[in-house]
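The values are calculated or read from the model by the stated rules, or taken from the named source; none is laboratory data. This is a predicted model, so every value here is computed, not measured. Neighbour counts are summed over all protein chains in view; Cβ atoms, including those assigned to glycine, are modelled from backbone coordinates with ideal geometry. Quick note on the areas: whole protein, heavy atoms, side chains included, nothing else; ligands and nucleic acids left out. Shrake-Rupley method; radii C 1.70, N 1.55, O 1.52, S 1.80 Å.
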Amino acid sequence: MSIRMPFFNNRHEPIKETLTEEIVLEKVPEHVAIIMDGNGRWANRRGLPRIAGHKEGMEVVQRIVRVADKLKIKILTMYAFSTENWKRPKAEVDYLMRLPKMFLDKYLPELIEKNVKVNVIGELSVLPPHTLQAVHQAMEKTKDNTGLLLNFALNYGGRNEIVKAVKQMVDDVANGKVAKEDITEELFEQYLYTHNFCDPDLIIRTSGEKRISNFLLWQSAYSEFWFTDVLWPDFTEETLKEALQDYQTRIRRFGGV
Ligand code: IPE
Ligand code: IPE
Ligand code: MG
């Protein structure tokens, strides 16, 4: 069987000028979060090792950053590595841990030029030093930027985040900083990785899976979900446009009428 598939999507072409006309700019979600899934299957279908899918996926991240910047999305959260992804073969994990540095070595200058602020959420303490160094450097160099907030979820797990928050809160109650009666949802949120930003308005998951996989469990309480069979390395601005257009038809009630 011969498999004929284009190796790359349109990521080398300029972003279509008409894109901003096909979306209602006033109704663009403030915070878009993406579960970038399907890199392994993308590679498999081409007879390539899984890491080739991750590498291509990394290129798509920058492509989507450019589009998000153009559409004036305020926050883009990208699920890059879950607390469960350590279960993968060591060689794959090692590669995934090298990706942040590869991405930032290649694209940090462009991110700076675009006024993007880089942030990372997750259990960072156990990441390899080279990974941590790269992300800390990017955060430091972009800390005063006021454009798109590009937020990588790296060794992120929603349950881990909640348990960590509870522990910190218990400490604060014990040392008298917080009174039990004062614990509210708003206060609890202050202990989450995401304390500085709003909840995701739209969560996109690629690759046909319809699950949350431990992503932003607390924050997704009222998020809109959009699923596509497109594998992450094949994701383009057209796919994002479809998601945004669908989002724009939805009526968010937040429990009201
Ligand atoms: C997403 O692609 C990237 C990460 C989870 C790190 P996968 O590697 O999960 O690709 P599939 O799901 O096996 O195709
Ligand atoms: C979710 O994808 C995690 C990331 C995209 C980083 P997985 O591929 O790990 O999710 P499952 O295992 O299919 O639920
Ligand atoms: Mg997967």
Exercise. Write out, first by first residue and then by second, each pair whose Cβ atoms fall under 8 Å of each other, whose residues are 6+ apart or on separate chains, and whose first residue, in the range 170-191, is on the phi < 0 side of the Ramachandran plot while the second is of a type in the set (Lys, Arg) and modelled with pLDDT of 95 or more.
Key: Val173/Lys180; Tyr191/Lys164
Self-check item: Of residues in the range 179-202 being open to solvent by 70 Å² or more (accessible area, probe 1.4 Å) and not in a loop (DSSP other than H, G, I, E, B), the one nearest to Thr146 (Cα to Cα)
Solution: Glu186
Quiz item: Can Val93 be described as within 16 Å of ligand 3 (Cβ to nearest atom) and buried (at least 17 other Cβ atoms within 10 Å of the Cβ)?
Solution: no
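Can you work out which of the residues in the range 32-48 that are within 15 Å of ligand 3 (Cβ to nearest atom) and not aliphatic (A, V, I, L, M) is most open to solvent (accessible area, probe 1.4 Å)?
Filtering the range 32-48 down to residues within 15 Å of ligand 3 (Cβ to nearest atom) leaves 34-45.
With not aliphatic (A, V, I, L, M) added as a condition, the list becomes 37-42, 44-45.
Details: Asp37: 31, Gly38: 4, Asn39: 22, Gly40: 5, Arg41: 78, Trp42: 2, Asn44: 100, Arg45: 126 Å².
If we take residues in the range 32-48 being within 15 Å of ligand 3 (Cβ to nearest atom) and not aliphatic (A, V, I, L, M), then Arg45 is most open to solvent (accessible area, probe 1.4 Å).
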Exercise. Kindly check whether there is at least one residue in the range 139-161 that is under 23 Å from Glu30 (Cα atoms), crowded, with 21+ Cβ neighbours inside 10 Å and of a type in the set (Asp, Glu).
Key: yes
Practice problem: State whether one or more residues within the range 7-21 are open to solvent by less than 10 Å² (accessible area, probe 1.4 Å), outside any helix (DSSP H, G or I) and away from ligand 2 (no atom under 11 Å from the Cβ). | Solution: no
Quiz prompt | Hits in the range 68-88 - residues which are within 14 Å of the chain's Cα centre (by Cα) and away from ligand 2 (no atom under 16 Å from the Cβ) | solution = Ala68, Ile73, Lys74, Ile75
Self-check item: Given (1) in contact with a Ser or Thr (Cβ under 9 Å, 6 or more places away or on another chain); (2) at pLDDT 95 or above, index of the condition Asn10 fails
Solution: (2)
Practice problem: Quick one: count up the residues across the range 75-87 that are under 14 Å from Thr194 (Cα atoms) and either part of a loop (DSSP other than H, G, I, E, B) or more than 14 Å from ligand 1 (Cβ to nearest atom) (or both). | Solution: 3
Quiz item: When you scan the range 208-221, how many residues do you find that are open to solvent by less than 10 Å² (accessible area, probe 1.4 Å) and touching a helix residue (DSSP H, G or I) at 6+ places or on another chain (Cβ under 7 Å)?
Solution: 2
Practice problem: Tell me which residues, restricted to the range 221-235, are within 22 Å of Glu189 (Cβ to Cβ), part of a loop (DSSP other than H, G, I, E, B) and without any contact (Cβ under 8 Å) to a residue 60 or more places away in the chain. | Solution: Ala221, Tyr222
Practice problem: Give the number of residues within the range 30-50 that are in contact (Cβ under 8 Å) with a residue 24 or more places away in the chain and more than 9 Å from ligand 1 (Cβ to nearest atom). | Solution: 8
